[in-house]
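The values are calculated or read from the model by the stated rules, or taken from the named source; none is laboratory data. Only a predicted model underlies this, so the values are computations on that prediction, with no experimental measurement involved. When we count neighbours, we look across all protein chains shown, and the Cβ atoms used for this are built from the backbone with ideal geometry, even at glycine.
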Amino acid sequence: MSAAVLQLIDVYKNFGGVEVLKSVELSIPDGEMHAIIGPNGAGKTTLTNLITGKYPLSKGQLLFRGRSIDGLKPHERSRLGIGRSFQIINVFKEMTVFENVRNAVLSRRGVRLQMLRGITRYAEVTQETREVVEMVGLSADSERLAATLPYGAQRALEIALTLALAPQLVLLDEPAAGLSAAETRDITALIRRTMVGRTLVFIEHDMEVVFALADRISVLHYGRILVQGTPDEIRANDEVRRVYLGYRDA
Amino acid sequence: MPLAFMIVFGFLNGTAYGLLLFLLASGLTLVFGLLGVLNLAHASFYMLGAYIAFELVRLTGTFWAALLLAPLIVAAIGALVERVMLRRVHVLGHGHQLLLTLGVSYVALELAKWYWGTASLPLRPPDLLKGSIDIVVGSYPIYRLFICAAALVVLVCLAVILFKTRLGMIVRASVSDSEMVSALGYNVGNVFTGVFALGALLAGVAGVIAAPMLSVYPGMAADILVDLFIVVVIGGLGSLPGALLASLMLGWAQSFGILFVPEFAMLFSFALMVVVLMFRPLGLFGERSA
Amino acid sequence: MTRRSSHILRAGIAIAIFVAMYAGSVVLPKAQLFTLTDVLILGLFATSYNILLGYGGQLSFGHSAYFGLGAYSCALMLLHVPGIAPPLAMLGGVGVAALGGLVIGFICVRRSGAYFSMLTLAFGMLCYTAAWKWRTVTQGDDGFGAFVPAEWVFPLIGSIKTGDLAQMYRVVLVIVAVVLLVTWLLMNHTPYGNAIRSIRQNEERASFLGYDVFFAKLVNYVLASAVAGLAGSLLVISHNFVSTDVIGIDRSTEVVMMTYIGGTGWFFGPLLGSAFVVVVGDLLATVTTRWQLVMGVLFILMVMYAPKGFSGVVRYLFDRSALERRRPL
């Protein structure tokens, strides 16, 4: 059997009569970095929401390591090893960077509703949190409230929360959204560094990021996968150029 | 009482109470749809409508004057509350708005107790509506039929205004997307005040027409609040058809309950709610997000 | 100052206050002791409410149901079970309240926002109506009394006369202090408290981080109910009387106001609110029969102009004090 981490088989999603996703087929092997691109409104975020459990499928199958996960709630999928980041920054604004990441680490270690020990007594948790904060380069800001961080740092925190879960499958929704050129390069390097050994599915508009990271690319257009292939194949594909990349000449 | 009569009696009672509840629920739903806040003082407007009607009847001697004027006075009070208090708290979020309306309902209750005392005050229906009428299986109080009719008239007027006039269109648009309406140049602040006043008006009308049947006492707000909330939870806060269905169901459940099992009548509303929530956790028509 | 010395300072202040209050039982006249006992008990009730509101972000309008369930269960056990020790009856009160919280919470907690508030209000009224109508058991709004045994025996320590206000006050003080301490540790210093606060801030993210939000909120609801039940039990033991006053919309509204006036952003805010409402209420009552009206108006003014309650005002004035600042509402 193939070691497909994520499989979408003939997936449909409609919202009250509006068909947002049609007949989507996706099979992502272990360790692959897979980009999903497409014009606005193509259904990319809906796809992420389906995979992570915010919405149920209307039709089709969703398999994680061969197991159907349709019907599982977001927290159950998270515990299975699926992590996601959000397009619009979705952190704990009134908590510090450290506390934010600690929430994820606590969850990963199954220490969620523990009532019997002081939170500072979990030395392993503190240690691991520091490591993750260090890994995304936010050590200097560790004690700052998330709401006071500059946007680039908030993006890093957004990813840190996902990484701290040590997920097998990571879904990043526009990780470089709103970042400057320099910040984008930093985030791309961060992602490449931290995705070793993990499977990544990411949505992006910034084609530099896509071509820098992706092993394979799926192009989503009006809810359907228009074409799938390696970056070179996609770059050369006429239909994609016409519809999305907007190149006029070869 | 013969069974046939009991059934018809129960059905008509339930319809009267149900329509009364729907009159209240529609005002609450409109306000929630627009401001995103559950107005806990809504039942207080209902109570004030009844008390003011009592005063007006005492002053003028006629019920019809009260029916006309009391709701308008309540609407004015509502507009004042919205302008002076709610507006200020709007920026602090839903929780604070809810707390403010809680405070208003509390103060309204204390004011009513202060001015009118805690005893139950009677409000006699006008001579035209007194007595009973013969309906095949027995005789039925005319006033209760009046409640059904009055509620229907008000609701039809409301529907006409909302769906057939320009003003109504603005209101409906604001309920859907107030930012957009503001961008189009309408003074959304006035729409907010207007809708809130409209909600208060509807509650006031309900209070006036309920008073002769249920009498006027401070606890009347709390008594109907529970049923009102059950209706809204079952029917869904954003849904008028849901509220109508839920109101009638609750009205019938309670009235048949009182007829056949009076000791447990109160529990029927809760039983109904629990049963509905078990099968449809989001209410009959689903939940509208605030 | 360093974190450690600030901790020691705060612990010192708390101990000093406790000792002062304990010693006060010898000096203060009976009327004041009775008031203070009420302040402590209602402060505990308000704190239990803040577990839901300040920490959990859930606005309940039916919390008095658990206060009442605890009160009635405790009173009924003392009345009908011959020779039962008060602590056991109190435990019974807590148990029944927690059970009520589990059943009602299960239905209410799955909804949020306005729906949650409405459902809690509806169930609160249900409990009130049940207490009011079930006269054979509860005596309705007449209530019943004289169920507390004259002597309360504490093994190894001695016994107290339950009719002695000063002794009862001290017992209540100790119980309330211990429960407050445990609850404070739980909500502010354990992973559980951290989870609840995180869920309040960003339920969606918490859920995607693996937190079972429904379960956590339900546990919190049951916890709040249990502590409310304890407060109710303490009330009926100290008053030796129970009636429908312990339950219903007035009681629920009162605790909302107390908690809010004190301030939901600080653990001890509700206690402050309780002190304010009880003491000022008593003072106002000597001046006017409509003191509740004044309280209501004050509440509205605070919602409009001082939304963080008194503790917010205090914090604003003493910005650099040792009061903990890192938990805003």
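Here are a few things to note about the model shown:
- Being within 14 Å of chain B (Cβ to nearest Cβ), surrounded by fewer than 24 Cβ atoms within 10 Å (Cβ to Cβ) and not in a helix (DSSP H, G or I) holds for only one residue in C:62, C:57, and it is C:57.
- Candidates B:229, B:268, B:285, filtered to the one that is crowded, with 18+ Cβ neighbours inside 10 Å, more than 12 Å from chain C (Cβ to nearest Cβ) and either at pLDDT below 75 or part of a helix (DSSP H, G or I) (or both): B:285
- The set of residues from region B:86-128 being among the hydrophobic types (A, V, I, L, M, F, W, C), more than 7 Å from chain C (Cβ to nearest Cβ) and either surrounded by 20 or more Cβ atoms within 10 Å (Cβ to Cβ) or in contact (Cβ under 8 Å) with a residue 60 or more places away in the chain (or both) comprises B:86, B:108, B:109, B:112, B:116, B:119, B:121, B:123.
- Pairing residues of region C:28-45 that are modelled with pLDDT under 95 with residues that are crowded, with 17+ Cβ neighbours inside 10 Å and not in a helix (DSSP H, G or I), at Cβ distances under 8 Å and at least 6 apart in sequence or on separate chains, gives C:36/C:28.
- Pairing each residue of region A:136-151 that is within 17 Å of residue A:94 (Cβ to Cβ) with any residue that is among the aromatic types (Phe, Trp, Tyr), provided the two are 6+ apart or on different chains, yields C-beta distances under 8 Å for A:142/A:98; A:143/A:98; A:146/A:92.
- Candidates A:39, A:56 - the one that is surrounded by fewer than 23 Cβ atoms within 10 Å (Cβ to Cβ), touching a Phe, Trp or Tyr at 6+ places or on another chain (Cβ under 9 Å), in contact (Cβ under 8 Å) with a residue 12 or more places away in the chain and not hydrophobic (A, V, I, L, M, F, W, C): A:39
- Scanning region C:246-276 for residues that are assigned to a helix (DSSP H, G or I), more than 11 Å from every other protein chain (Cβ to nearest Cβ) and of a type outside the set (Lys, Arg) turns up C:246, C:255, C:258, C:262, C:269, C:270, C:271, C:272, C:273, C:274, C:275, C:276.
- Test: residue B:66 is within 17 Å of residue B:213 (Cα to Cα), aliphatic (A, V, I, L, M) and either buried (at least 24 other Cβ atoms within 10 Å of the Cβ) or away from chain C (no Cβ under 14 Å) (or both): yes
- Per-region count, region B:187-213, residues touching a helix residue (DSSP H, G or I) at 6+ places or on another chain (Cβ under 6 Å) and among the polar types (S, T, N, Q): 1
- Of all residues in region B:1-28, those that are more than 10 Å from the chain's Cα centre (by Cα) and hydroxyl-bearing (Ser, Thr, Tyr) total 2.
- Positions within region A:77-106 being within 22 Å of residue A:31 (Cα to Cα) and charged (D, E, K, R), in sequence order: A:77, A:79, A:84
Residues checked against (1) in contact (Cβ under 8 Å) with a residue 24 or more places away in the chain; (2) crowded, with 17+ Cβ neighbours inside 10 Å; (3) part of a helix (DSSP H, G or I):
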{"position": "C:72", "(1), (2), (3)": "yes, yes, yes"}
{"position": "C:77", "(1), (2), (3)": "no, yes, yes"}
{"position": "C:93", "(1), (2), (3)": "yes, yes, yes"}
{"position": "C:96", "(1), (2), (3)": "yes, yes, yes"}
{"position": "C:100", "(1), (2), (3)": "yes, yes, yes"}
{"position": "C:106", "(1), (2), (3)": "yes, no, yes"}
{"position": "C:116", "(1), (2), (3)": "yes, yes, yes"}
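- Region B:169-223 - residue that is in contact (Cβ under 8 Å) with a residue 24 or more places away in the chain and within 14 Å of chain C (Cβ to nearest Cβ) and, of those, nearest to residue B:75 (Cα to Cα): B:221
- Test: residue in region C:312-320 that is among the aliphatic types (A, V, I, L, M), part of a helix (DSSP H, G or I) and at pLDDT 90 or above: no
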